[in-house]
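Presented below is the structure to which this report refers.
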Amino acid sequence: MSNQTEPIRVLFVCLGNICRSPLAEFIVRQRAIERGFSDRFHFESAGTGDWHIGNGADRRMHQTAAGHDIDLGPHRASQITRNRIDQWDWFIAMDRANYNDLLSLGAKKERTLLMRQFENEDRPPDVPDPYYGGEQGFEEVFQLLSENADSLLDHLNRMHD
């Protein structure tokens with residue numbers, strides 16, 4: 001775990017690390033910058049699977065992000081493994097399957113969150129995977145992540161005040 005002089009290390013996690021988790025990483029980082037406390041955090045993303053290691057973001061997610069002035073160009077997919085679990089203070093899972101995979105890898109339940117768990121509405125807690133769907137699914141994911149970014153940052157800040 002980080003001490004007070006080191007940034008809080010936050011890892012966003014989905015299945016392949018080419019759609020949801022990189023976009024979440026970039027959106028939340030941008031919000032932290034806009035809110036003036038980006039130095040408090042270190043954000044990255046990873047997938048539970050190894051299919052896309054080293055690849056950039058999915059073309060459709062890259063295009064969706066670019067339409068909202070977010071450049072996913074620097075992203076390269078990586079995988080979260082049991083031997084990397086201790087490198088992170090917090091895990092932000094995109095869906096319940098990713099959440100359960102993180103726990104099975106050794107992530108602590110009290111430090112593992114669902115991206116949408118702070119919503120007040122009666123909606124499913126999962127960020128849907130747009131990979132096998134149409135273009136509109138990528139925009140829907142952008143909207144869901146954007147709507148939840150501030151609540152997540154507020155929670156992380158509260159936990160470290």
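List of remarks:
- Condition check for ASN98: within 13 Å of the chain's Cα centre (by Cα), at pLDDT 95 or above and not charged (D, E, K, R): yes
- Search result, residues across the stretch 1-54 that are at pLDDT 95 or above, surrounded by fewer than 22 Cβ atoms within 10 Å (Cβ to Cβ) and aromatic (Phe, Trp, Tyr): PHE41, PHE43
- Residues of the stretch 74-83 satisfying the condition of being outside any loop (DSSP other than H, G, I, E, B) and in contact (Cβ under 8 Å) with a residue 12 or more places away in the chain: GLN79, ARG82
- If you go through the stretch 109-161 and keep only what is surrounded by 14 or more Cβ atoms within 10 Å (Cβ to Cβ) and in a loop (DSSP other than H, G, I, E, B), you end up with MET115, ARG116, GLN117, PHE118, GLU119, PRO125, ASP126, VAL127, PRO128, ASP129, PRO130, TYR131.
- If the condition is being free of Cβ contacts under 8 Å to residues at least 40 places away in the same chain and more than 14 Å from GLU25 (Cβ to Cβ), then the stretch 43-66 contributes GLY49, ASP50, TRP51, HIS52, ILE53, GLY54, ASN55, ARG59, ALA66.
The values are calculated or read from the model by the stated rules, or taken from the named source; none is laboratory data. Note that the coordinates shown come from a computational prediction; the quantities given were computed from them, not determined experimentally. Using ideal geometry, Cβ is built from the backbone for each residue, glycine included, and neighbour counts are taken over all protein chains shown.
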